[in-house]
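Trainee: Here it is, the structure in full.
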Amino acid sequence: MEQEILQKIMKGKNILLVGKTDSGKSYFIKNQIIPLFRQKNINVCYFEECADLEINEQCDVYIIDEVEILFDKEFLESLHPDEKPYYTNNYLETVKVWQNKLSKITKPIICIVTRNNKEEIDYIYNNYKSLEWNNLPVEIVKFEKR
């Protein structure tokens, strides 16, 4: 998986790494991907969450953890009808602020997204084709607990 991600980034592609909560996505990024990129002299800018994001022209690639996408909002609401609202208006406003920050990135990006079951992950894998904040193509990588 490390080499697959490296090759995609070296080709200038954007990646959405999607997996379950506590599956080790952040650990994998911090302990496998970032050291590999640094070994290849790729300047990585890692942010633990969108709220921390700052644009830096020195970055060759941005890696942002805890990214929220709203592409699958209606799908999630249909899967979880008892959780109303699935996203509060306040949270949706916060996501808009984050996505506005994300839209300013002009370099390849790895977005780490959490979904909690196979059906949710598969929906993103099969349907999410472009980043919703700038319409740039994105490749989905499913993360499985290691």
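Trainee: Only one residue in I110, I121, I105 is closer than 22 Å to F75 by Cβ and aliphatic (A, V, I, L, M). Which one?
Mentor: Sole residue among the options that is closer than 22 Å to F75 by Cβ and aliphatic (A, V, I, L, M): I121.
Trainee: Same structure again: Of all residues in the range 80-108, how many are surrounded by 15 or more Cβ atoms within 10 Å (Cβ to Cβ) and more than 16 Å from A51 (Cβ to Cβ)?
Mentor: 4
Trainee: Moving on. Quick check on my filter: what residues within the range 114-146 are out of contact with any helix residue (DSSP H, G or I) (no Cβ under 7 Å at 6 or more places or on another chain), under 14 Å from S26 (Cα atoms) and either of a type in the set (A, V, I, L, M) or outside any loop (DSSP other than H, G, I, E, B) (or both)?
Mentor: Once the filter is applied, which keeps residues that are out of contact with any helix residue (DSSP H, G or I) (no Cβ under 7 Å at 6 or more places or on another chain), under 14 Å from S26 (Cα atoms) and either of a type in the set (A, V, I, L, M) or outside any loop (DSSP other than H, G, I, E, B) (or both), the range 114-146 yields only T114.
Trainee: Follow-up. Limited to the range 30-68, what total is found for residues that are of a type in the set (D, E) and under 16 Å from L17 (Cβ atoms)?
Mentor: Total satisfying the criteria: 5.
Trainee: Now for a different question. Are there strands (runs of 3 or more DSSP E) fully within the range 1-89 with at least 1 residues that are of a type outside the set (A, V, I, L, M) and without any contact (Cβ under 8 Å) to a residue 24 or more places away in the chain? List them.
Mentor: So the answer is 44-47.
Rule-based calculations on the coordinates, nothing more; no lab input. Keep in mind it's a predicted model, so treat the numbers as computed, not measured. Counting neighbours? That spans all protein chains shown, and the Cβs are built from the backbone with ideal geometry, glycine included.
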